[in-house]
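Shown next, in structure tokens, is the structure this report addresses.
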Amino acid sequence: MANMDFETCYAALELQFGAGLQEVNERWRKLSRIHHPDRHAHDPKKYHIALEKQKQLNNARDVLKKWFDANPHSPPPRRTSTSTQSNSRSGAADSNSTHSKQTAQQSQSTNNHSQKRSGHSNRNEHNAHSERYYWNHTNHTSSDNSSCRSGTTSDTTTGWFATTDLKLTSLQEWAKKVDAYCNRPNSDSATALAMALCFGAVFAPLWILTATLGSIFPELPGHYPDWLMPFLLGGSGYITIYLFRWYFAEVEFIKLQEQARYFRTERSVQNSIDYLKMTIEKQTRQNAQWKFISSGRAQEAILEFEEEVFPEMKRSRRIVLRFEVKDSTIGRIVGLEVRASSPINSFSCKKITESVLVELKKDFQEVA
């Protein structure tokens, strides 16, 4: 795998020869999700096959990315025919004397032996690097896929868009730590914790409801009327569903905030800013309006609103979309980050933010 040529790289990624780096990155992310070794953690044979496939995908992407980093505007060349070179060497050898041919053969044999040992060493070194690359780029605690973030050109997404600090509530910190621990590969303790939390989310609400009714009506425990049982089961089921919905929504929204997103566009800088503002303004809430603040080249869009959590109980929500537009050799690049504060849940903030991103992708081209 260490000496993969460009045609083999495109074949491994299931792409037509000459596809651009963006297509390579997108296909790499897609295939990485399909062949992720963690999907086969409980089957050693399938896990080994998936790991080898992932190494091949990583190697193919690395080879193509190295070419496009050095030659951003030209596709890689096809491999040259080895038969022509072989015939040339054969013709030259035939024109020499028998002694010269023997000397050349001995020299060629020595070179081949040296190259074989060198190739074996390079292959081992690359396999080790490939495995390190895989584990460093498929950590579940970064977003899906930091596993899915990959560079395009060095002057587009590196260092120019400085993100702000992400502040999480204590519940969000807890959800982030639980998600990171439960997604540890090949960990029995992580699996046990995930199962324990699932059982707790299912049975704890029912236990709390029955204990509360028992403290209010001491004669009820053990003698629940038939009409009361459906209400107990329905109430505990609703709480269980809400807990699962809250947990997964919070984890996804935390990952969304941890990643700065980049888009490419052919619009001018000012036109891109105006389009961003117009797109953001479309996604709002009743009795709320986006406020735009300019700070140098960076722009901030702020939306503050109140949401009714329970009857007669409202909680404040605040979303901040900070973005900046930069000229580059491949067009204008837009850097965007999301920050939100929501004391109880982030359902509305997540929905509004995802709607903005969906609208931006219709006109802008997302890059890594």
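No lab work stands behind these numbers, since they all come straight from the coordinates. The model shown is predicted, which means the values in this text are computed figures rather than measured ones. A quick note on method: Cβ atoms are made from the backbone with ideal geometry, for glycine too, and the neighbour counts reach across all protein chains shown.
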With no solvent and one equal point scatterer per Cα, compute the Debye intensity ratio I(q)/I(0) for the stretch 170-254 at 0.16, 0.18, 0.20, 0.24 Å⁻¹ and report its log10, rounded to two decimals. -0.73, -0.83, -0.93, -1.13
R0 = 25 Å: FRET efficiency of residue 248 with residue 19, Cβ-based, nearest 0.05? 0.15
Under the 7 Å Cα-to-Cβ spin-label approximation, residue 286 and residue 66 lie apart by a distance in nanometres of 5.9 nm
For the stretch 306-319, take each phi angle, set θ = phi - 60°, evaluate the Karplus expression 6.51 cos²θ - 1.76 cosθ + 1.60, and give the result in whole Hz per residue in order, putting x for glycine and proline. 10, 10, 7, 7, 10, x, 6, 10, 10, 10, 7, 10, 9, 10
Give me, ordered by chain and number, the residues 5 or more places off residue 340 or on other chains with an amide H under 5 Å from its own placed amide H. 320
What is the Cα convex hull volume of the stretch 256-368 when expressed per residue in Å³? 99 Å³
Rank the residues 367, 320 as a footprinting-exposure proxy: fewest other Cβ atoms within 10 Å of their Cβ go first. 320, 367
Relative contact order, percent, of the stretch 170-254 when contacts are C-alpha pairs under 8 Å separated by at least 6 residues? 42 percent
Lys and Arg at +1, Asp and Glu at -1: neighbours of residue 297 with Cβ under 10 Å from its Cβ sum to 0
Please give the FRET efficiency for residue 188 paired with residue 49, using the beta carbon to beta carbon distance and R0 = 30 Å, rounded to the nearest 0.05. 0.85
Taking only the Cα positions of the stretch 208-298, the convex hull volume per residue in Å³ is 203 Å³
Ranking of 6, 217, 161 by count of other Cβ atoms within 10 Å, fewest first: 217, 6, 161
Taking neighbour Cβ counts within 10 Å as the exposure measure, how do 219, 281 sort from fewest upward? 219, 281
Percent relative contact order of the stretch 260-367, based on C-alpha pairs within less than 8 angstrom and at least six residues apart? 33 percent
